[in-house]
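Quick notes on the structure that follows.
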Amino acid sequence: MREFMSGNEATARGAWEAGVEVAAAYPGTPSTEILEKLAGLPGVYAEWSTNEKVALEAAFGASLTGRRAITAMKHVGLNVASDSLMTLGLVGAKAGLVIAVSDDIGFASSQNEQDSRFWGRFVHLPVLEPADAAEAYAMTRDAFSISERHQVPVLLRLTTRVSHVKRTLTTGERAAPAASAHGYARDVERWIITPNHVGKRLEVRAQRDAALAEESAASPWNVLELGADRTVGFVASGAAYHVVREAFPQASVLKLGFSHPLPLTLARKLAAAVERVMVVEESEPIVEAELNAAGIAAAGRKWLPAHGEVTAPALEAAVARLLGEQGAGLELPKPNKVFPRPPTLCAGCPYMGVYFWLGQLKDAVICGDIGCYTLGCGEPWNAMDSIISMGASLGVAHGMAKSFASNGGAKPVLAVIGDSTFIHGGMPALANIAYNGANVTVLLLDNRVAAMTGGQDTPRLDFAQLVTALGVRPERVRTVDPYELPAFFKVLREEIKAPEPSVIIAERPCVLSRDFVRRRPLKVIDDKCNGCARCLDVGCPAITVTRRESEARASGKVVERAWVRIESGLCTGCDVCAKACAHGAMVAA
Amino acid sequence: MTFDVLVVGIGGQGVLTAADAIARAALQFGYEATKTEVTGMSQRGGVVCSQVRFGERVAASEIRPGAAKLVIAFEAAEGLRWSHYLAPEGRVLLDPWRAVPPIVSSGVHQYPADPATQLRDLNLQVIEIQARGTAERLGDARLANSVMLGAAADSLPFPEKALRDEVLRRFGGGELAARNAAAFDAGRAAVRDERVTAPAR
């Protein structure tokens, strides 16, 4: 059937047709839809695991029992999974095991830009790089066979412009999983990776590397397209292939799909057929370096943008520079100056109550984490000092608190972490805070979902019991409603003051979750509003300014005043702005 | 040659859905099509830009600045933000409705005084569509999406019916489909009226 779908949906469809039976993932842009799609297909056990490492291990466990399995994650997720991944490179896989990883090239929604193809080299895994949804579909289907043939997990490397680009493709039928393949047999020399087994596995890996090189050299996913234009021949993989075709429709191109091990013979053929070779790849010059190391002179990163996506205009300009053409590369129209519009917390978001107060703690250090509450680093709150990685708020806060303690406790240290992120990577660090006794006030924001990635379910845990079990004294574990501003502030003040680890659990469902209850919107009583603008410190997108005035006080000090209205279509009636207002100007409409 | 369209707005407005409808209508008409966007954090009231390309063949999914035939803007400032993607003969369908974010409310940044005039001053063809206003008159702000698609229908190189059918297909056959049909038709009519009343430029 001809369908129009994204690369992520196509990956899921390909896996399903290949007879995948187990899928485990942790959400992360741009990979999330792979598992969401698989969860809706029959015959697949699909789960949101608690982190990427657990997801990989779950998929591997299924592979051990003879069931085809897939795990999916974003690029930084593979860092989390990498400890087990390194071992899987040695022990391999039984039934087909595919690791789909999507790189956020251009870091639209990530803390960095990473090229996951490095893992293929590091772990000795075959890497498949689809250029679009149609290839994501077909390669995923193929990947399970490659995995079984070589008894190794296959890294399916996607990027934003594969994962989130819709194209047409023709789907087929699901191949029923072979019941005969199901079952588990012990193999202690293989699956127990004690030092005495490592040497043998390294030998197996070396043989596998050679076999994979042969397979990639002959793979139908690597295609040498010799065109009329032989000036510059391109080596391209992933979405960059389409960019090359956009800019140079007649060029000769070595299109890499089975990109590791690199098919050097094909690259040599291309080099022999063209005047110069240029590698177009995202985001690190990996293929470029390997070609040059193999004695194939290839240009690349020196001419192309240092980071971000390669676009057709950028490539045209790069080639013009490579060829020494003057004034080549069209001047692109410049964007108009328009205010930045960063993402905001939603109207009624329980985190607004939290950041309303955190933004007023001028003397505290606040270590943040990954989730919607990351937005607390921005206007109007500016209530964050660091954001590193999933769960890092607690570890960083611990180190800072210990450091301050040796200096007489220079500043109060807080850590802000969401429920899903806490379960993902925060728990070991909280145990460390409690065990080693750092004076950190942890704000555990429990909104019951992984909100930033679209509201995926997370484990419903008794967080008060959990953090107590991790070593925080029960007296220092407080549960608050972030909508109740005065009560919340009282607890915050007490726990910052307490000279030991404490956890404040702020409980409220995400406004986008099914648990959220919308109340009557509020309105502003103009007669009561004096323009103090304190409500704007809440940061609610439903509050907009109707007029501003500057008022010179007798002291000579100029005070900015702003009068506001509430957009009734957006307001959820959470009442946080009403509690922030000292004049009772906000009431139910 | 491809026909390139940007659908722009802010998170939560249904920009992606509208772009999807245009791409699928083009496919129904026999073109190849791609649709792309960068989502993620932009879902939370941030900038959303979805790019649709269609034609006999489509290579890269990203539109070149200066190449788009049409920008469909669900919000006034967003129309201005993305207008450099338009070709010189390009057209902006602009809902003058304004979504003022906290970063403007707090006084850190200014909202442009008159995005539509600014766009006209760039010699772009601007058609203002009161999509949000029309939708509210029809009883539901969410109908703005269908109003804008109706407004776009005659600016696309395939029969209006292809897009209308694609939009309505999503709502089944009941009351919801009827309301969206009314919204689509109101958007289409608004463009015709605008053409009659627009001053020569």
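Each value in this text was obtained by applying a stated rule to the coordinates, not by laboratory testing. These numbers come from a predicted model, not from an experiment. Cβ coordinates were reconstructed from backbone atoms using ideal geometry, including for glycine residues, and neighbour counts include every protein chain displayed.
Mind giving me the FRET efficiency for residue B:194 and residue A:334? R0 is 22 Å, r the Cβ-Cβ distance, nearest 0.05 is fine. Could you put the intermediate results ahead of the total?
Numbers: r = 28 Å, r/R0 = 1.28.
That pair, residue B:194 with residue A:334, gives E of 0.20.
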Excluding residues fewer than 8 places away in the same chain, name every one of the lysines whose C-alpha is closer than 24 Å to that of residue A:302.
A:255, A:269
Once each part is reduced to its C-alpha centroid, what is the distance from segment A:524-550 to segment A:333-409 in angstrom?
23 Å
I'd like the distance separating the alpha-carbon centroids of segment A:24-72 and segment A:172-199, in whole Å.
17 Å
Helix A:133-150 against the longest principal axis of chain A: what's the angle in degrees, Cα atoms only, rounded to the nearest 10?
70 degrees
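Classify segment B:2-197 as rounded, prolate or oblate from the Cα gyration tensor: take a ≥ b ≥ c as the square roots of its eigenvalues, call it rounded if a/c is under 1.5, otherwise prolate when a/b beats b/c and oblate if not. Mind dumping the intermediate values first?
Numbers: a/c = 1.38, a/b = 1.14, b/c = 1.21.
Rounded shape, in that the Cα axes give a/c under 1.5.
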Can you give the net charge of the other residues whose Cβ lies under 12 Å from the Cβ of residue A:199, counting K and R as +1 and D and E as -1?
+1
Net charge near residue A:412, counting Lys/Arg +1 and Asp/Glu -1 over other residues with Cβ under 13 Å of its Cβ?
-1
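What size of dipole, in debye to the nearest 20, comes out for chain A about its Cα centre when the only charges are +1 on Lys and Arg C-beta atoms and -1 on Asp and Glu C-beta atoms? Working shown, then result.
Details: 61 positive and 63 negative charges, 178 e Å.
The calculated dipole for chain A is roughly 860 debye.
Which of A:140, B:2, A:231, B:117 comes first, and how do the rest follow, when ranked by fewest Cβ neighbours within 10 Å?
B:117, A:231, B:2, A:140
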Eligible lysines near residue A:37 by straight Cα distance, threshold 23 Å, same-chain separation 8 or greater
A:53, A:74, A:166, B:35
Applied in sequence order to segment A:573-586, the curve 6.51 cos²θ - 1.76 cosθ + 1.60 (Karplus, θ = phi - 60°) yields integer Hz couplings, x standing for Gly and Pro, of x, 5, 6, 5, 5, 5, 6, 6, 6, 7, 10, x, 7, 9
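Can you compute the charge dipole magnitude of segment A:130-170 about its Cα centre, using +1 on each Lys and Arg Cβ and -1 on each Asp and Glu Cβ, nothing else charged? Give it in debye, rounded to the nearest 20. The partial results should precede the final answer.
Numbers: 6 positive and 4 negative charges, 31 e Å.
For this selection, approximately 140 debye.
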Quick calc: nm separation of the 7 Å Cα→Cβ label points for residue A:460 and residue A:207 -> 5.2 nm
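Per residue of the protein assembly as shown, what 222 nm ellipticity follows from adding -39500 (n - 2.57) for every DSSP H run with n ≥ 4, rounded to the nearest 500? Working shown, then result.
Values: 27 runs with 279 residues, N = 790.
Computed mean residue ellipticity for the protein assembly as shown: -10500 deg cm²/dmol.
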Using the number of other C-beta atoms within 10 angstrom as an exposure proxy, rank A:32, A:160, A:572 with the fewest first.
A:572, A:32, A:160
Rg/Rh ratio calculated on Cα atoms of chain A (Kirkwood radius)
1.03
Among B:25, B:153, B:59, determine the one that fluctuates most according to a GNM of chain B built with springs between C-alpha atoms less than 10 Å apart.
B:59
Estimated dipole of segment B:91-164 in Debye, rounded to 20 [Cβ of Lys and Arg +1, of Asp and Glu -1, Cα centre]
160 debye
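Grab the Cα-Cα distance for residue A:523 and residue A:182, subtract it from 0.36 nm times how many residues apart they are, and report the gain in nm with one decimal. List each step's numbers first, then the result.
Values: separation 341, 0.36 × 341 = 122.76 nm, distance 6.26 nm.
Difference between extended and current length: 116.5 nm.
Give the longest segment of chain A that steers clear of trypsin sites (Lys or Arg not before Pro) in DSSP loops with at most 10 neighbouring Cβ atoms within 10 Å, not counting the sites themselves. Kindly include the intermediate steps, with their values, before the conclusion.
Values: sites that count: A:186, A:337, A:362, A:460, A:514, A:553, A:557.
For trypsin sites (Lys or Arg not before Pro) (loop position, at most 10 other Cβ atoms within 10 Å), the longest site-free span of chain A is A:1-185.
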Ranking of A:488, A:234 by count of other Cβ atoms within 10 Å, fewest first:
A:488, A:234
